[in-house]
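K.L.:
Pasting in a structure now, in structure tokens, and then I'll have a few things to ask.
The values are calculated or read from the model by the stated rules, or taken from the named source; none is laboratory data. In this text the structure is predicted, and so the values were computed from the model without any measurement. Cβ placement follows ideal geometry from the backbone for every residue including glycine, while neighbour counts extend to all protein chains displayed.
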Amino acid sequence: MAKKTEPRFEDLVSQVEEALRQLDSGDLPLEDALKRYEEGVAALRQAFGILKKAEKKVQLLSERDGELATQDFDVEEESEPNDKKLF
């Protein structure tokens, strides 16, 4: 049996954005709007799952003193050296 491939994160985000556009338009009948909402929520949950897996990989691949260690990934800390804020 063929292995089921996981959708790409970017494709899932596009699906959510398209669902939002259609729902915001107000042109969908109620049943269709509910279906699009459900599809959007399902795509959003899958996207969050992919992000969680990526976060775990980053934690596993963090290295300190030659040994693997769990280290939180903090974008703000990395982008603001010496505690100087740009804005």
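K.L.:
Quick check on segment 18-33: of everything there that is of a type in the set (D, E) and surrounded by 12 or more Cβ atoms within 10 Å (Cβ to Cβ), which residue is farthest from F48 (Cα to Cα)?
P.N.:
Per the stated criteria, the residue is D32.
K.L.:
Would you mind telling me which numbered condition in (1) at pLDDT 95 or above; (2) polar (S, T, N, Q); (3) loosely packed, with under 10 Cβ neighbours inside 10 Å S79 fails?
P.N.:
It is condition (1) that S79 fails.
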